[in-house]
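The values are calculated or read from the model by the stated rules, or taken from the named source; none is laboratory data. Quantities reported herein were computed from a predicted structural model and do not represent experimental measurements. Methodologically, a virtual Cβ is constructed for each residue, glycine included, from the backbone with ideal geometry; neighbour enumeration extends over all protein chains shown.
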Amino acid sequence: MSRLPLPRSVFGQLVLVIGLVLLGAAVLAVAIGRQLTTRPAAGQLLNAMDGFADVAEELARVQPRERFVAYLRDAGLAVTERPPSPRNPRAEPFMRELLEQAPKQLERGREMRLGRIGTANVVWLKLNTQPALWISFAFDQRGSRVLRFSVLMLLVGAVLVWLAAAYYARRLVVPLRGLARSAPAIVRGEPPPPGALAGPREVRDLARALADSSRDVRESAEERALMLAGISHDLRTPLTRLQYAVELVPDADPELRAGMHRDIADVDAILSQFIAYARDGRDEASEPLDLAALCRHAISACEREWQVETPTCAPMTGKPMALQRAVGNLLVNAQRHGAPPYALRLSRQGEVWRIEVTDHGPGLSEEAAQRARQPFVRGEGGGTGLGLAIVERVARQHGGELRLLPLHPHGLAATLVLRGS
């Protein structure tokens, strides 16, 4: 048995709940109105008509028939000896109640019917006289008008309540949507956007808690960056002295001297990667740049031959140093873990720029590609394990992503997707 689909939005749920409450209130009002208003009023009217019939029948017994009928007509009542045609009361609850109670309350020989005289609704009462007389009473339909007015007021009330629900839902949902959009940036330590502390108290409490957590993350990142910067400064000074010392060592084996230079360069590169990962580009402002020139500059620093395909100009707004570091990491990663030929291709699809770096090495499986994005996960070619983690972080800062897809028959395509104007 399939369940009925329920609305998922706050506004839809409020409308459903309020609609059900109003429907139940309307049914209850109709039921209670009939018991407390329609039925007693019908009983009182029948009692009055029964009393009138007692007086009229007594008068008919002591007065000549012609004079008695004249009295009734002078009083504005229609009198006839022919039984009127009965009329269906349709949706008039009061008239239906009269017809239901009449056989029980009227004395024997009396009868009540509904009819019309011209355009007016009337109630016909049969008197127990010989021959029988039918007397009409005009019926005012104010009761039905009151019912229609009540229904109209109920509909107006429902519309007003739904408008209030829409206002409440908007006041609740808009701040929550803003927090949901800014949640990834807040988790990374960026301050919440202006207006995030608006809305109901519970939403403001949530925004304030996220802002406090964001501040803690930001302070931790700043402390980490400061610590790594201090370590870098303290280590690079002795590394520089070691480089000079290696050059000054007499009669040193050239291969040994070259190996020591490479080791010192590797240590310096590792320190640079640690610093880049700790700073994560948050402190760099976005500015207009040429992505094609940035890619060509990164290629010029490579020692191996690359196939390059870029447009003449690729304007966008972004963080130049962070993007330079991300592209450089992709190039270094391809040269370290892949095999020639190497290629870089820059293209645009709509509002998205794609930097695709390919190599023809062993490539990565889907599971290995997911692991390679994590910090400090090293491949077989060594390195710090931070290169792709930094690239993915830079991609997120520019509204994009890093895609790692295998090439056939072998190789890897690393695509940096960036959103920019």
Only one residue in Arg354, Arg325 is surrounded by fewer than 19 Cβ atoms within 10 Å (Cβ to Cβ) and not acidic (Asp, Glu). Which one?
Arg354
Out of curiosity, is Arg34 of a type in the set (D, E, K, R), assigned to a helix (DSSP H, G or I) and at pLDDT below 75?
yes
It is to be established whether one or more residues within segment 309-328 are among the acidic types (Asp, Glu) and modelled with pLDDT of 85 or more.
yes
Can you run down the residue pairs with Cβ atoms below 7 Å, 6 or more apart or on separate chains, where the first is in segment 357-374 and among the aliphatic types (A, V, I, L, M) and the partner is part of a loop (DSSP other than H, G, I, E, B) and at pLDDT 75 or above?
Ala372/Leu364
Residues that are modelled with pLDDT of 70 or more, surrounded by fewer than 16 Cβ atoms within 10 Å (Cβ to Cβ) and not in a helix (DSSP H, G or I), drawn from segment 128-183:
Gln130, Pro131, Ala132, Ala138
(1) assigned by TED's automatic domain parsing to the domain that holds Gln130; (2) at pLDDT below 75; (3) more than 19 Å from Val122 (Cβ to Cβ) all hold for Glu97 apart from (3)
In segment 37-86, anything assigned to a helix (DSSP H, G or I), touching a strand residue (DSSP E or B) at 6+ places or on another chain (Cβ under 7 Å) and loosely packed, with under 13 Cβ neighbours inside 10 Å is listed as Arg73
Which of the residues belonging to segment 385-420 are in a loop (DSSP other than H, G, I, E, B) and either of a type in the set (Lys, Arg) or within 27 Å of the chain's Cα centre (by Cα) (or both)?
His398, Gly399, Gly400, Gly420
